[in-house]
Amino acid sequence: MEWLTERKIPVGDWAEAGFDWLQRNGAPFFDALAEAMEALIDAILWLMQTPHPLIVVLAFVAAAWWGHRGWKIPLFIALGFLFILNQGYWEETTESLTLVLSACVVCMGIGVPIGIAAAHRPRLYAAMRPVLDLMQTLPTFVYLIPAIVFFGIGMVPGLIATVIFVLPAPIRLTHLGISSTPTALIEAADAFGATPRQKLWKVELPSALPQIMAGLNQTIMLSLSMVVIAALVGADGLGVPVMRALNRVDTGLGFEAGLIIVVVAIMLDRALRVGK
């Protein structure tokens, strides 16, 4: 088998050369992107940490009640946040929620329009599918390398790595929802002379709303799964105590931080199941 390895295809060299070229020629773009992401993170973090914790808890409870019109989910969310406060992880939780919410804003803002365009252009989706597969199957730690190269250390590279990993979910589910619009509804809209914009806003998007909401749910869950990994590039949040526990082999600290992550994940998942 030596003959097969003698002339190795220089994939790594090509990738390094590509990153070097981007770093030299794309510095203004990456700097502007980093500033925009940092402004978004700072704004959400300010909203989460400036008010008293109980006020933030009441805001989440009120949002859950508005979405469910019941008392069980809001009560569960209130108890979950009170447990987090009791364990002393409020600051880390707000930092992780900031990363998750920032990823949601970016991923849904990019993914939903791309999914709509892909649903209306099958060739575009066929060309995008290998890229989406690569984004979802490439080990998440690999995303951290270019994130560090282009954005340094901190919350921004953690957010960028999270967005790359999570973005395929809203694109795929939005595409599925728009593509699954019943033919009868489309024909009825055409019969009444609806324009493409009217057909999108009044027929396709309402029909695809359950799939789009499922995409939002997946975006939040996948973003939360990146919390620990993002801590490797300096992102604050619940991943920091997990990494600290790993370095110290501290089972107590690791279990505490891991349990808080589970509680946050369950609260977000239940809150997004509107009407269930």
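Before moving on, here are some points about what is shown:
- Candidate set from segment 247-276 (those that are part of a helix (DSSP H, G or I) and small (Gly, Ala, Ser)); member that is surrounded by the most Cβ atoms within 10 Å (Cβ to Cβ): Ala257
- Residues of segment 219-241 satisfying the condition of being open to solvent by less than 40 Å² (accessible area, probe 1.4 Å) and outside any helix (DSSP H, G or I): Met226, Gly234, Ala235, Gly237, Leu238
- For segment 249-274, the set of residues classified as of a type outside the set (A, V, I, L, M) and modelled with pLDDT under 85 consists of Asp250, Asp269, Arg270, Arg273, listed by residue number.
- Arg244 in a helix (DSSP H, G or I), open to solvent by 30 Å² or more (accessible area, probe 1.4 Å), at pLDDT 85 or above and closer than 19 Å to Met128 by Cβ: no
- Pairs where the first residue, in segment 139-168, is on the phi > 0 side of the Ramachandran plot and touching a residue at least 12 places away in the same chain (Cβ under 8 Å) and the second is assigned to a loop (DSSP other than H, G, I, E, B) and of a type outside the set (D, E, K, R), C-beta under 7 Å, 6+ apart: Gly154/Gly234; Gly154/Ala235
- Verdict on Gly177 being at pLDDT below 90 and either over 21 Å from Ile266 (Cβ atoms) or of a type in the set (D, E, K, R) (or both): no
- Number of the exception - Gly193 against (1) of a type in the set (Gly, Ala, Ser); (2) surrounded by fewer than 16 Cβ atoms within 10 Å (Cβ to Cβ); (3) part of a helix (DSSP H, G or I): (3)
- Residues of segment 90-111 that are more than 17 Å from Val156 (Cβ to Cβ), touching a Ser or Thr at 6+ places or on another chain (Cβ under 9 Å) and either in a loop (DSSP other than H, G, I, E, B) or open to solvent by less than 30 Å² (accessible area, probe 1.4 Å) (or both): Gly111 alone.
Let's see how each residue does on (1) open to solvent by 40 Å² or more (accessible area, probe 1.4 Å); (2) at pLDDT 85 or above; (3) not aliphatic (A, V, I, L, M):
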{"residue": "Pro122", "(1), (2), (3)": "yes, yes, yes"}
{"residue": "Leu144", "(1), (2), (3)": "no, no, no"}
{"residue": "Val149", "(1), (2), (3)": "yes, no, no"}
{"residue": "Ile153", "(1), (2), (3)": "yes, no, no"}
{"residue": "Arg172", "(1), (2), (3)": "yes, yes, yes"}
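The values are calculated or read from the model by the stated rules, or taken from the named source; none is laboratory data. Quick caveat: nothing in here was measured; it's all calculated off a predicted structure. For neighbour counting, all protein chains shown are included, and Cβ atoms are generated from backbone atoms with ideal geometry for every residue, glycine included. Only protein heavy atoms, including side chains, enter the accessible area calculation; ligands, DNA and RNA are left aside. Shrake-Rupley method; radii C 1.70, N 1.55, O 1.52, S 1.80 Å.
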